[in-house]
Amino acid sequence: MKRTPLYERHLALGATMTEFGGWAMPVQYSSVIEEHRNTRTLAGLFDVCHMGEIEVRGPQALELLQWVMSRNLAGQRIGEMKLSAITNEKGGIIDDVTVYKRAEEHYMVVTNAATREGDLAWILKAKNARGLDGADVTDLSDTIGKVDIQGPLAQKILAEIVEGDLEALRFYHAMDTRVAGMPALVSRSGYTGEDGFEVYTEAGRIGEIWDLLMSIGDAHGLKPAGLGARDTLRLEAGMMLFGHEMCQTVTPFEVVYGWITDLDKEFIGRDALRRQKEEGVRRKLVGFEILDRGIARHGYPVLAGGEKVGEVTSGTYSPTLGKAIGLAFVPVQYMDPGTPLEIGIRNQRVKAAVVPLPFYRRKK
Amino acid sequence: MAKPSPNDRRYTKEHEWAKADGGGTVTMGITDHAQELLTDVVYVELPAVGRRVKQAQPIAVVESVKSVSDIFAPVSGEVIEVNQALEAAPELVNKDAFGEGWVARIRMESPDEFDGLMTAEQYEEHIKANPH
């Protein structure tokens with residue numbers, strides 16, 4: 001198992017460690033629920049060094065990215081960040097990534113941990129197939145460290161060690177700056193549904209930023225949060241997780257990624273996705289809540305009229321809402337909010353209903 | 001740190017406790033060590049009263065935010081009562097695993113099974129050797 005530069009710190013904090021995407025990661029430090037609530041109400045600090053960073057540079061960088069990304073990046077401005085899918089020829093999702101435009105002809109693609117190598121191979125294959133010698137693709141994942149600071153007090157805490165005007169940084173925008181004196185990229189973004197930031201710096205220096213944030217944040221109630229809380233936070237916010245809601249046989253239109261799929265430009269999978277859009281999808285990812293007792297989990301069957309019609313992709317107890325929620329694929333006739341469903345939990349069937357996403361939206 | 005395991009009851013390797021109530025019945029639950037490993041119990045699936053259970057077979061299910069775990073019957077017998085309070089307050093398992101967080105009462109088939117369970121001392125040795 002690979003270790004992030006913060007591994008020893010997690011052990012020192014008494015974290016329970018788990019394997020995720022080939023990495024030894026903290027699942028929790030004290031309690032998933034406490035870390036979840038602390039992030040919603042104060043601030044949480046997350047080790048996300050396991051994620052991949054692929055740099056694409058050169059005069060043909062945009063052309064290559066346009067060919068592999070579902071999102072039209074033509075109008076992307078420097079400092080802007082875009083969520084995008086990478087799709088295969090059939091329109092199936094290879095990964096969901098964020099694309100930072102750092103300068104003209106200079107982009108950074110941030111991938112999921114387990115998909116990093118596949119993404120890199122895919123982008124290189126596309127580059128060679130298109131003969132895009134003017135696009136340099138470099139895997140920077142091992143040289144970049146990343147932490148997320150999330151929650152209502154994230155800005156206040158991070159501002160103490162960031163050069164520049166954090167307040168002026170808009171959602172899904174990034175700035176090249178210094179954090180604790182070290183060159184860093186900071187974006188207002190995250191995976192929790194709260195205000196917050198993603199901070200990238202040299203892998204060898206990320207520990208210093210972690211330590212500083214922990215000590216400055218202490219007075220504000222900042223606590224480290226593990227992957228357990230990261231998962232419940234993202235699920236409440238209606239955000240998807242690759243490997244659960246997405247895989248190579250799921251298309252953006254079947255999940256909630258229609259809005260990042262721009263069919264008016266050419267990209268790998270565009271034709272298949274255009275056909276699917278014209279014909280309409282057969283199944284759709286929906287949010288549900290459980291009305292009886294019980295907690296749905298990944299892989300549990302979804303039933304309607306006594307028949308299995310779909311499957312749960314993620315399910316948990318929602319600490320904010322105090323009830324069991326989840327995401328599931330269902331045939332489109334069952335996708336409307338209010339539709340009654342049943343979830344098969346062990347040898348029982350429990351009542352559930354389709355609800356609108358997200359489950360939780362922060363007050364602005 | 002987990003609370004010490006009381007001497008007034010017996011234990012299984014799977015981290016259940018069973019306490020003889022007199023009259024051939026036992027009250028059972030999971031140990032404080034077990035609730036510490038689980039953390040944040042958010043759901044307990046209780047057996048039906050009247051169900052017959054076999055020793056070491058699943059009798060209930062306990063779920064944390066992240067995990068689903070079986071609870072095993074420490075002895076064979078019939079479930080005569082379950083802790084309904086856990087339906088509304090599953091966190092009682094975390095707060096008081098040896099008391100208010102009890103799971104079920106079982107009318108024993110064979111007292112020999114109970115006598116064969118670990119003592120508190122043996123159980124403490126067991127968790128020292130197997131911390132997870």
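Across segment A:95-231, C-alpha contacts under 8 Å between residues 6 or more apart give a mean separation that, scaled by the residue count, equals a relative contact order of 20 percent. Across chain A, C-alpha contacts under 8 Å between residues 6 or more apart give a mean separation that, scaled by the residue count, equals a relative contact order of 18 percent.
Charges on Cβ only, +1 for Lys and Arg, -1 for Asp and Glu, centred on the Cα centroid of segment B:11-123; of B:Val41, B:Met28, B:Gln55, which one is farthest towards the dipole's positive end? Going by the charge dipole, the pick is B:Gln55. Using a Gaussian network model of chain A in which every pair of alpha carbons under 10 angstrom is joined by a spring, one finds that among A:Val109, A:Val302, A:Val281 the greatest mean-square fluctuation is at A:Val281. Shown in residue order for segment B:56-66 are the 3J(HN,Hα) couplings computed by the Karplus curve 6.51 cos²θ - 1.76 cosθ + 1.60 at θ = phi - 60°: 6, 8, x, 10, 8, 10, 10, 10, 9, 4, 9 Hz (x for Gly and Pro).
Considering only Cα atoms, the convex hull volume of chain B works out to 92 Å³ per residue. Over segment A:1-75, the alpha carbon radius of gyration divided by the compact-protein estimate 2.2 N^0.38 Å works out to 1.57.
A simple rule links phi to the HN-Hα coupling: the Karplus curve 6.51 cos²θ - 1.76 cosθ + 1.60 with θ = phi - 60°, which for segment A:295-311 gives 10, 7, 10, 3, x, 5, x, 9, 10, 9, x, x, 9, 6, 10, x, 9 Hz, with x for Gly and Pro.
Take every pair of alpha-carbon atoms less than 8 Å apart whose residues are at least six positions apart; their mean separation over the length of segment B:1-71 yields a relative contact order of 23 percent.
Bridgeable aspartates and glutamates around B:Lys3 (alpha carbons under 12 Å apart, same-chain partners fewer than 8 residues away excluded): B:Asp32, B:Glu36, B:Asp96, B:Glu124.
Beta bridges per DSSP, both residues in the protein assembly as shown: antiparallel share near 95 percent. Its Cα gyration tensor gives segment A:282-355 an equivalent ellipsoid. The semi-axes, each the square root of 5 times an eigenvalue, are 17, 13, 11 Å from largest down. Once you reduce segment A:58-108 and segment A:115-168 to the center of their Cα atoms, the two points are 12 Å from each other. Two decimals is fine: what is log10 I(q)/I(0) at q = 0.06, 0.12 Å⁻¹ for the protein assembly as shown, from a Debye sum with one equal scatterer on every Cα and no solvent? With one equal scatterer per Cα and no solvent, log10 I(q)/I(0) is -0.33, -1.11. Here is how the number arises for chain A: DSSP H runs of 4 or more residues each give -39500 (n - 2.57), the sum is divided by the residue count, and the result at 222 nm is -6000 deg cm²/dmol. In order along segment A:180-188, the phi-based Karplus estimate (6.51 cos²θ - 1.76 cosθ + 1.60, θ = phi - 60°) of 3J(HN,Hα) comes to 6, x, 9, x, 8, 10, 10, 10, 8 Hz; Gly and Pro are listed as x.
Values in this text are rule-based calculations from the coordinates and carry no lab data. It should be emphasised that the depicted structure is a prediction, and the values quoted were computed from it without experimental measurement. Cβ sites come from the backbone with ideal geometry, for glycine too, and all protein chains shown count toward neighbours.
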